[in-house]
Amino acid sequence: MGLMSKILSGTGSSRRTEDYVELDADDVNLAAEKAKTQVRIARIGEKQDVIEIKDAVYDGDVVVADITRHTTKDREMEHISDELKQVANEVGGDIVQKDDDQLIITPSGVAISRERLGQ
């Protein structure tokens, strides 16, 4: 089983392994494992998924969370967003919603530009 198969093996995923390009591990700098900050990928399916995201941000990691299971006007999503905004404020980080499918939450010292590159 390839790396992408392992990552995408969760139930209810709308993405397939074929949607991604697998990179050769020889092209990746393994020193990144010792990095102080990691970019973590999460999926928010229900409110309890927020706990791991909060822990990661408190630990100093950047989290990109898939919110495709919720609409932006969903009452539960409003509560989740408010909770994650509070975390970003507490740690001095940042939070943005990218389109209708992702939230990006950062720890202290990492800001998210509101301008897209190439525009």
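Descriptive notes on the structure:
- Residue within region 54-70 that is modelled with pLDDT of 90 or more, closer than 15 Å to L103 by Cβ and open to solvent by 40 Å² or more (accessible area, probe 1.4 Å) present: yes
- Selected residue [open to solvent by less than 20 Å² (accessible area, probe 1.4 Å), in a helix (DSSP H, G or I) and touching a Leu at 6+ places or on another chain (Cβ under 8 Å)] from L84, L103: L84
The values are calculated or read from the model by the stated rules, or taken from the named source; none is laboratory data. Quantities reported herein were computed from a predicted structural model and do not represent experimental measurements. As a convention, Cβ positions derive from the backbone with ideal geometry for all residues, glycine included, and neighbour counts pool all protein chains shown. To get the accessible areas, we keep the full protein, side chains included, count just its heavy atoms, and leave off ligands, DNA and RNA. Shrake-Rupley method; radii C 1.70, N 1.55, O 1.52, S 1.80 Å.
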